Amino acid sequence: MQAERVIEHIVKWLRDYCENAGLNGFVVGVSGGIDSAVSSTLCAKTGKKVIPLSMPIYQAVGQKSLSEQHIQWLEKNYNNVKGLRIDLTPVFQALENTLPPDIQDGLSMANTRARLRMLTLYAVATHHRMLVAGTGNKVEDFGVGFFTKYGDGGVDISPIGDLMKSEVYEIGRKLGVLDAILHVPPTDGLWADNRTDESQIGASYEELEWAMRVSSGPVDESRLSDRQRQVLKIYRRFHDVNKHKMEPIPVCRIPEALR
């Protein structure tokens, strides 16, 4: 991949989109991971105003630290960036005390965390007349659908949505993203035990990229190893189950004869 030219292309696309929308810049949720680091840095390079937003909810100390380090790095290197820190733990605790206990399973509350962050991003973006820039990559958003619907999937634009995870890392290295962020295991940061993406999915991003590419055409599974067949099965299962996140909302069309 021609990393420098890809960076130039994305930055121009972001700048043009913002100007055509008549808005002031970008708000980006910063988690301490590679995807949000790259997305926020690309936004910063447009020269438009950027608010990288840290929104911890019972967050692990390491994640909070990396998020803060990245925001400080952005503010040091780009004078159009001013970070914002909003602790959402009290808001989440209020929901824990309000929602019926019997619906508070691990997944429902993990998704609730992501949706609280989306609400916060849009509150900030609306006030400052900015766009919410997404942080999802291609294999997450369009391969396995590993994101929360109306949570981290609720954005205005997707600067890295056509980049595989490996390409995001390549762009991150070219942008000078902090080494600690480049080497931390990917996690969605939505669980108390700080579980990694790989532990939740059952396959690494390298394996998922392979499966996504292989699935674009006919597959002769007799020529695959046992692990490859397992990864392909994992990929297809996530892709099928999460397809509702990747496609437009179904609309019940009324036949003309009934109008």
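The values are calculated or read from the model by the stated rules, or taken from the named source; none is laboratory data. These numbers were taken from a predicted model, which means no experiment stands behind them. FYI the Cβ positions are ideal-geometry reconstructions off the backbone, even for glycines, and counts take in every protein chain you see.
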Provide a single number: the residues in the stretch 139-160 that are among the polar types (S, T, N, Q) and either touching a Phe, Trp or Tyr at 6+ places or on another chain (Cβ under 8 Å) or outside any loop (DSSP other than H, G, I, E, B) (or both). 0
Restricting to the stretch 217-235, what's the tally of residues that are in contact (Cβ under 8 Å) with a residue 12 or more places away in the chain and more than 17 Å from Glu206 (Cβ to Cβ)? 1
When you check Gly154 against the structure, is it touching a residue at least 40 places away in the same chain (Cβ under 8 Å), touching a helix residue (DSSP H, G or I) at 6+ places or on another chain (Cβ under 6 Å) and more than 13 Å from Ser39 (Cβ to Cβ), yes or no? no
Please indicate, with yes or no, whether at least one residue in the stretch 128-147 is closer than 20 Å to Glu209 by Cβ, over 12 Å from the mean Cα position of the chain (by Cα) and of a type outside the set (Phe, Trp, Tyr). yes
I'd like to know if the stretch 199-206 contains one or more residues that are crowded, with 16+ Cβ neighbours inside 10 Å and either of a type in the set (A, V, I, L, M, F, W, C) or within 24 Å of Leu121 (Cα to Cα) (or both). yes
Quickly run through the stretch 121-157 and pick out the residues that are out of contact with any strand residue (DSSP E or B) (no Cβ under 8 Å at 6 or more places or on another chain) and under 17 Å from Val50 (Cβ atoms). Ala123, Thr126, His127, Arg129
Would you check which residues across the stretch 48-69 are free of Cβ contacts under 8 Å to residues at least 40 places away in the same chain and over 19 Å from the mean Cα position of the chain (by Cα) and list them? Lys48, Val61
Can you name the residue in the stretch 57-80 that is part of a helix (DSSP H, G or I) and under 20 Å from Leu119 (Cα atoms) and is also modelled with the lowest pLDDT among such residues? Lys64
With under 25 Å from Ser65 (Cβ atoms), acidic (Asp, Glu) and buried (at least 20 other Cβ atoms within 10 Å of the Cβ) as the only criterion, which of Asp152, Asp141, Asp179 stands out? Asp152
Could you check Ala203 against (1) closer than 22 Å to Ala114 by Cβ; (2) under 16 Å from the mean Cα position of the chain (by Cα) and say which number it fails? (2)
Of (1) in a loop (DSSP other than H, G, I, E, B); (2) among the polar types (S, T, N, Q); (3) within 30 Å of Ala192 (Cβ to Cβ), Gln93 satisfies every one except (1)
Can you find a residue that is at negative phi, in a loop (DSSP other than H, G, I, E, B) and surrounded by fewer than 14 Cβ atoms within 10 Å (Cβ to Cβ) anywhere in the stretch 223-241? yes
So, in the stretch 161-198, exactly how many residues are small (Gly, Ala, Ser), in a helix (DSSP H, G or I) and closer than 17 Å to Val144 by Cβ? 1
Hey, could you check the stretch 1-56 for residues that are out of contact with any strand residue (DSSP E or B) (no Cβ under 7 Å at 6 or more places or on another chain), of a type in the set (S, T, N, Q) and not in a loop (DSSP other than H, G, I, E, B) and say which is farthest from Arg117 (Cα to Cα)? Asn20
